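Have a look at the structure below, then the notes.
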There are 2 protein chains.
Amino acid sequence: MAGRVTIAQVAEEAGVSAMTVSNVISGKPGASDETRRRVLEVAAKLGYRPNQAARNLKTGRSGLVGLIALDLTNQYGLEILRGVADELAGAEQELLVNASYHDAGREKDRIEFLAGGLVDGLLLIAPVLEDETIELLRRRKLPCVVIDPRRLDVPLPRITVDNYHGMRQGTQHLIDLGHTRIAYLRGGEDLESTSIRFRGFQDAMRLAGLEVAEELVATCDFTYASGFRTASRLISEHRPTALVAGADLLALGAIDAARSCGLTVPNDFSFVGFDDLPQAAQSFPGLTTVRQPLHDMGQKAALALLSLIEGQKLLMEHMELGTELIIRNSTAAPPA
Amino acid sequence: MAGRVTIAQVAEEAGVSAMTVSNVISGKPGASDETRRRVLEVAAKLGYRPNQAARNLKTGRSGLVGLIALDLTNQYGLEILRGVADELAGAEQELLVNASYHDAGREKDRIEFLAGGLVDGLLLIAPVLEDETIELLRRRKLPCVVIDPRRLDVPLPRITVDNYHGMRQGTQHLIDLGHTRIAYLRGGEDLESTSIRFRGFQDAMRLAGLEVAEELVATCDFTYASGFRTASRLISEHRPTALVAGADLLALGAIDAARSCGLTVPNDFSFVGFDDLPQAAQSFPGLTTVRQPLHDMGQKAALALLSLIEGQKLLMEHMELGTELIIRNSTAAPPA
DNA sequence: CTGTTAGCGCATTCAA
DNA sequence: TTGAATGCGCTAACAG
């Protein structure tokens, strides 16, 4: 429907061959300045734009990078996406975004679809990645980089974060402030990173000689509402003085739960999150949290994918990035 | 790189012609069950996937819908995007998402790029749309639907919201509660909807016999931080009892500003927002706000675009959707 | 119901 | 420095 003008028309109008137009348009050398000028002029006049489909068919590349995210509503994935987009802006690649909506079946379906030659490479954010899907990817030889897979050992190039030390550091911060009764809010069970973060919490506690009281640990979904609900119960029933959450969204819900119990943050109760989503800074009081370099992860993943697409060998199969404790105003010493 | 198996190979292996394979694969009628079965079997065995580029070249369609959003960080655009994605999921169209990052130049560049045959149609969220860009779109005859343009009268199919009555209703809610000193936080100047919302506020006040005190009206950027800053000043210097914001993000910032001034919401101070972003419900106290049907706007826009792509005439050039006042817990009667 | 012919628009190869 | 021929993989139109 679009791009009505073809290279042939430009060629005729400019009195040269299609080949010459092609060369000039794609900025190849080998064309006199005079010819180049005329071709460009005619192309502009006619409003010529190369037909992507034809170009793709010829070159075997689409100029598209596929990205499959869990959904398009959660900031976690979107921050990564921004990093990807920023990196891709420089390369001549566009982003084709698909969501799997937390459904393994749909994830497989989307991957299969995109792998059908639509994209030159694939970026997966927090995918489930069943064995069958991995097999498909390998068979197709489709360049692919995985960010934060559920199972950390997937046999594909991947980028993860040092969840263990991040959570230890976050927990340690509360311990240093003098807290001893610290609650923990785990995210959903099926992610390996959830367990790793919890281990970081446990170890920090144990090494400080503190007990991890079983009733102070609860599991909930990765949502604000679930964090609110679960924390309400934890706080009202067991009265800890601080809470560590496996994700900012949970921490944010928990803070509001404390507030609705009439507690003041951080005077009466301290909170530490994990992620450092934009909301963490845009809340009152600002949320102390363990920062994942989400934007950076996106950029690094995109960069790795681009080099894979160019046919280069990857420097490393697995890249683990560090975290950083961001201290804001949701933590303080426990009430006397 | 991907999709190595071609239709010819499948045809040979199955002992039929390429045409037959093509028909079977695209689910066209006219193929005996037996043939169909065999073709499908061979295709599966070989892992055949049609090459999109070739298909696109032949059919003149890419199966891609372009979407240009301001950026990928603000929930406003993302809610619309979700609506679009939901609608497109049913059609055989994929979404190619681009961001313009609030830059008119980049917006034009992106549109020009996508219009080069990459997409079958274009959805624009809150675009600037310079005259030149509109001209380009028309020349290319690229199907296009605009959501919430800055200038409401762009000569393209468009979907907007009834900003005027929405804001009147939101303001009226505060008036009904007994507020008389009501502040107003305007969003950035260059959007027509900003002015229209403000007019709704003014009219509601005037019709209730209330004065719109000049010092109680302030303009700020569409960000939480800017809302926080501006509201802090407004509240501490002029002591209104309620504030209406031209966007939820501003209201959320304003609420935290009130809190940081030691005020309790809604007992000491009431707030009304505009948009009903997910954050409005996920905050404490829940934000009373004027709901824009963002998801619905996305769906309707996508639906309209799809019919345009199918070559059908549009039922209407301009569609204005209604708003709804969502009363949560950020509003109450003014302190005695 | 199935096969043949042709060509979408471009870029690679080679020749001029 | 430029041009002619060729084919990427697929499907519309028609013929058998």
If you take the residues in the stretch A:151-210 that are more than 22 Å from the chain's Cα centre (by Cα) and aromatic (F, W, Y), which one is nearest to A:P240 (Cα to Cα)? A:Y184
Mind counting the residues in the stretch B:158-169 that are open to solvent by less than 20 Å² (accessible area, probe 1.4 Å) and farther than 13 Å from B:I196 by Cβ? 1
Does A:D109 satisfy the criteria of being out of contact with any Pro (no Cβ under 9 Å at 6 or more places or on another chain) and without any contact (Cβ under 8 Å) to a residue 12 or more places away in the chain? yes
Do you know which residues across the stretch A:18-35 are near DNA strand D (Cβ under 8 Å from one of its atoms) and of a type outside the set (A, V, I, L, M, F, W, C)? A:T20, A:N23, A:P29, A:G30, A:S32, A:E34, A:T35
Taking only pairs six or more apart or across chains, which ones have beta-carbon atoms under 8 Å, a first residue in the stretch B:185-200 that is under 14 Å from B:L250 (Cα atoms), and a second residue that is open to solvent by less than 30 Å² (accessible area, probe 1.4 Å) and at pLDDT below 90? B:T194/B:G188
Residue satisfying all of: in the stretch A:41-62; of a type in the set (A, V, I, L, M), within 7 Å of chain B (Cβ to nearest Cβ) and within 26 Å of B:E135 (Cα to Cα); farthest from DNA strand C (Cβ to nearest atom) among these: A:A53
Matching residues in the stretch B:1-17 - criterion: being surrounded by fewer than 18 Cβ atoms within 10 Å (Cβ to Cβ) and more than 12 Å from DNA strand D (Cβ to nearest atom): B:G15
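The values are calculated or read from the model by the stated rules, or taken from the named source; none is laboratory data. The shown structure was predicted, so the numbers you read here are calculated from the model rather than taken from an experiment. Note: ideal-geometry Cβ built from the backbone for every residue, glycine included; neighbour counts use all protein chains shown. All accessible areas refer to the heavy atoms of the entire protein, side chains included, with ligands and DNA or RNA removed. Shrake-Rupley method; radii C 1.70, N 1.55, O 1.52, S 1.80 Å.
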